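Have a look at the structure below, then the notes.
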Amino acid sequence: MRNDLGAQDTHPFPDIMGLTERAAIGSRLMLLPRGDGFGTQIQVLLSALAYCRAQNLTYIHRPWDHVGHGPPGVQLAAWSADLEAFTGLTQNETLFFDSLGPVPAVNYIRVKADDVDRLFNDDFLKEMRTRYLATPKNHSESFLATKDSVRVAVHVRRGDVSQSMGSRYTSNNQTISFMERVQTDIQATDPSRSITFHIYSEGDAATFDELMQAHGSDRVFLHLNEDLKVTFHDMTAAEVFIMAKSSFSYSAALLSTGQVYFQRSSLSPLSKWRMLPQ
């Protein structure tokens, strides 16, 4: 069910999708339980928090218990709770209890392109980054070892995306061109800085040989099938981040303190992000 509150003066920002009650929202809003992967869970959460801030609503949080794509044999509720705790994003939010009575609930909030900068404004994102950094985090060893360089995190989506999927897929050659673009931009402002590329993906290392050879193995570090939380944190902390077409990338980019390069997709970029060619 779709309720386009974006057309009403009292709710001028995004569409609210899947509203369970067509009556006015009132003063509170909650997300329905979701089974999406980690990246989409964060994206949906950030969108809801931003919307509630903009509309002066109280966000009611229902703790995560079903984050998708969990490792084989994992206890899903415990794994989901661990990932939520890692994000730190729900600190100080009101938790849902039956005693609260009926709370309007939505599947997700779709942020329109015209509203993305207003909802994900600097003050809101600064608050979310503060929350995120308030919980324990770890980096990969090679990321820490290259801290004196300009670290470029490159997310190459594989696993659930293959070449047969057309526009959702980014080839190795496209990725090489993105890396060359970023290298040119960095050297134009500071030619003396060393640059290292950290490629985050899934699969067999042999399928990434082109990327390793294009910029020299001493400057390219391949991170395959690594810990989800470590990968996400590396992306948020890199001086430069080349996004993939994914919610995982998008969520990391929103929490990033570096320069973000955006691949055109169905998601709406912040105006301060740099656009990559299609």
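Give me the dipole magnitude in Debye, nearest 20, for the stretch 74-149 about the Cα centre, with unit charges on the beta carbon: positive for Lys and Arg, negative for Asp and Glu. Don't skip to the answer; put the middle values down first.
Details: 8 positive and 12 negative charges, 14 e Å.
It works out to roughly 60 debye.
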Net charge near Thr196, counting Lys/Arg +1 and Asp/Glu -1 over other residues with Cβ under 11 Å of its Cβ?
+1
Quick one: helix 76-87 against the long Cα principal axis of the chain, what's the angle to the nearest 10°, folded into 0 to 90?
80 degrees
With Cα atoms, 0 to 90° folded angle of helix 122-133 axis to the chain main axis:
80 degrees
As I understand it, the value is the acute angle between the Cα axis of helix 172-189 and the longest principal axis of the Cα atoms of the chain; what does it come to in degrees, rounded to 10?
80 degrees
Estimate the FRET efficiency between His66 and Glu202 by the formula 1/(1 + (r/R0)^6), using the beta-carbon distance for r and 25 Å for R0, to the nearest 0.05.
0.70
With point charges of +1 on the Cβ of Lys and Arg and -1 on the Cβ of Asp and Glu, referenced to the Cα centre of the chain, which listed residue (Leu83, His69, Pro104) lies farthest in the positive direction of the dipole?
Pro104
Label-point separation in nm, Ser27 to Lys147, each point 7 Å along Cα→Cβ:
4.6 nm
Taking the Cβ of Val260 as the center, what net charge do the other residues with Cβ under 10 Å away carry, scoring Lys and Arg +1 and Asp and Glu -1?
+2
Chain lengthening between Ser271 and Asp114 when straightened (0.36 nm per residue, less Cα-Cα):
55.5 nm
So Ala214 and Glu180, fully extended at 0.36 nm per residue minus their Cα-Cα distance, gain in nm 11.3 nm
How big is the chain by the Kirkwood estimate over distinct Cα pairs, in Å?
19.9 Å
Report the residue, chosen from Val106, Val240, Val230, that carries the largest GNM mean-square fluctuation when the chain is represented by alpha-carbon nodes joined by springs under 10 Å.
Val230
Within 9 Å, Cβ to Cβ, of Leu276, how many net charges do the neighbouring residues add up to if Lys/Arg are +1 and Asp/Glu are -1?
+3
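Since every read-out is calculated from the coordinates, none of them should be taken as a lab result. These numbers were taken from a predicted model, which means no experiment stands behind them. Glycine gets a Cβ as well: all are built from the backbone with ideal geometry, and neighbour counts include every protein chain shown.
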